[in-house]
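Below you'll find the structure, written out as C-alpha cells, and then a few comments.
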Amino acid sequence: MSKENKPRKTHLKEGSRSAELFKEIVDSLDLVLTFGYQPCAVLKYGMDGIYRMRSAQERADQRRAINGLKKKKLLEIEQRADKYFVALTQKGANEYLRLKVLSSDLYEDDRECLVVFDVPESRRDIRKLLREFLWNAGFIPIQKSVWISQFNAGEALSTLLNAIGLKKWVRIYEVREYDHVE
C-alpha cells in the first residue's frame, strides 16, 4: 500500500498534546447538558447540582435569545441601576401579531377565513407586502385581492392590520362555501 492510500489514524495518540488538551476540554464540559442524563455526573454534582446547571444553561439560552430579539429590533432593553426594562417595538408588535396569525388553528368545521382588500394604486408597495404576508400565512389567492385560508386567523389578522394602519383597505370574513347545485 502506498503512502497516499494508507488509511489515516482516527484516534488520538495517548499522552499527546492533542489528547491531553482534548481531555481537558471534555472534562470541563457539562456532560449532563451535552449528552443528557449521566449517572457519573449525578454522583459528582448531586441532583441539586444538576438542576442548578440545567437552570444556568436555560438562563444562558434565554439571554442569547433575548439579545437576538434586541439585535433584530423586536425588543428594546434598557438597564437602569440593577433593573432591566423591556419594551416591545412597533416592529416587535407586528412580528408578535404575525406569529399569532401564523399559529392560528384550523377551523373545526367547513368555515374559512376570507380576506378582501382594495389598496390604492398609489400604495403599490403595501399591496405587495400584504400579498406576501398572506401567502406566508397560508392564505391562497382566489384573485389578486381576494385570499382564503382554512385557518381561523381572522381576529389576529384584523388586530395586526389595524395596528399597522391597513384596516381601512381590508375586509376579513368568515365564510362557508356552498356546493354548486345543478
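Each reported figure results from applying straightforward, stated rules to the coordinates on display, with no laboratory input. Bear in mind that the values here come from a model prediction, so they are computed numbers and not experimental data. Cβ placement follows ideal geometry from the backbone for every residue including glycine, while neighbour counts extend to all protein chains displayed.
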Check: Per-residue HN-Hα couplings for segment 129-140, Karplus 6.51 cos²θ - 1.76 cosθ + 1.60 at θ = phi - 60°, whole Hz, x for Gly and Pro?
Finding: 4, 5, 4, 4, 5, 4, 4, 5, 8, x, 7, 10
Margin query: At a threshold of 8 angstrom on Cα-Cα distance, excluding pairs fewer than six apart, so keeping six or more, what relative contact order does segment 105-176 reach in percent?
Written below: 51 percent
Item checked: Sparse-neighbour loop sites [trypsin sites (Lys or Arg not before Pro); segment 50-94; at most 12 other C-beta within 10 Å; DSSP] -> Lys72, Lys73
Next item on the list: Have a look at Gln143, Tyr173, Ser122 and report the one farthest towards the positive end of the charge dipole of segment 105-176, computed about the Cα centre with Cβ charges (Lys/Arg +1, Asp/Glu -1).
Entry: Ser122
Item checked: Neighbour-limited loop hits for chymotrypsin sites (Phe, Trp or Tyr not before Pro), segment 109-182 (at most 15 other Cβ within 10 Å; DSSP other than H, G, I, E, B) -> Tyr178
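At 0.36 nm per residue, minus the direct Cα-Cα distance, what do Glu174 and Arg52 gain on full extension? Give it in nm, one decimal, please. All intermediate terms of the calculation are to be shown ahead of the outcome.
Working: separation 122, 0.36 × 122 = 43.92 nm, distance 4.93 nm.
So the extension gain works out to 39.0 nm.
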Item checked: Estimated distance in nm for a label pair at Arg124 and Tyr84, the labels positioned 7 Å out from Cα along Cα-to-Cβ -> 4.5 nm
Notebook entry, point to check: Applying 1/(1 + (r/R0)^6) with R0 = 45 Å to the Cβ-Cβ distance of Arg64 and Asp110, what FRET efficiency is obtained, to the nearest 0.05?
Noted result: 0.55
Next item on the list: Starting at the first residue of segment 99-104, write each ³J(HN,Hα) from the Karplus equation 6.51 cos²θ - 1.76 cosθ + 1.60 with θ = phi - 60°, in whole Hz, x for Gly and Pro.
Entry: 5, 4, 5, 5, 9, 5
